[in-house]
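Working notes, structure below.
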Amino acid sequence: MRKLTLSDRFLPHQFIRIENEIGIKIPHTIRDFISEYADLSVKENKFINNDGKLFEISQFITYRMMYDFIKEFKEEGLGKKLPFAIDNGGWVFCISFDEESMDKILLYEMEMEWKAKNDTFEFVANNFEDFINGLQEKTI
């Protein structure tokens, strides 16, 4: 049977809109990754951080979800974060573009009651490349 060509999941004008909304420039390596995996699930979806805590991706998010979360972060004063995936509970994995946590991967724990805005994000990994390279199919 013939193999079909997938449509782009992220268009250049969508990246421009995201960048303008956050006020950042998304590195090409991250743009390429998002373009390829947006709205998909992968088998290598588990990440264990340096503290031994397990995180699991349900799927990489769509442009619409990304844009909506960015607007929410802006409205809530939660800084410059680029959401890229969700876990099984709907919490959001983000790349931080804030000065104090630049490049860190953080998990937005949106349904918890926080004592301070700093409690809204949990540290996951030092950077996007470490996070993606550390994803595994099964936990050891």
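The values are calculated or read from the model by the stated rules, or taken from the named source; none is laboratory data. Since we're looking at a predicted model, the values are computed, not measured. When we count neighbours, we look across all protein chains shown, and the Cβ atoms used for this are built from the backbone with ideal geometry, even at glycine.
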Inset, instruction - Scan the range 99-110 and give yes if some residue there is touching a Leu at 6+ places or on another chain (Cβ under 9 Å), within 21 Å of E137 (Cα to Cα) and either of a type in the set (F, W, Y) or in a strand (DSSP E or B) (or both), otherwise no. - result: no
Inset, instruction - Would you check if F97 is modelled with pLDDT under 95, in contact with a Lys or Arg (Cβ under 6 Å, 6 or more places away or on another chain) and of a type outside the set (A, V, I, L, M)? - result: no
Inset, instruction - Filter the range 70-106 for residues that are surrounded by fewer than 19 Cβ atoms within 10 Å (Cβ to Cβ) and either polar (S, T, N, Q) or in contact with a His (Cβ under 9 Å, 6 or more places away or on another chain) (or both) and give the result. - result: N88, S101
Legend entry - Pairs with Cβ under 7 Å, 6+ apart, first in the range 63-84 and more than 23 Å from L40 (Cβ to Cβ), second hydrophobic (A, V, I, L, M, F, W, C): G79/F73; K80/I22; K80/I24; K80/F97
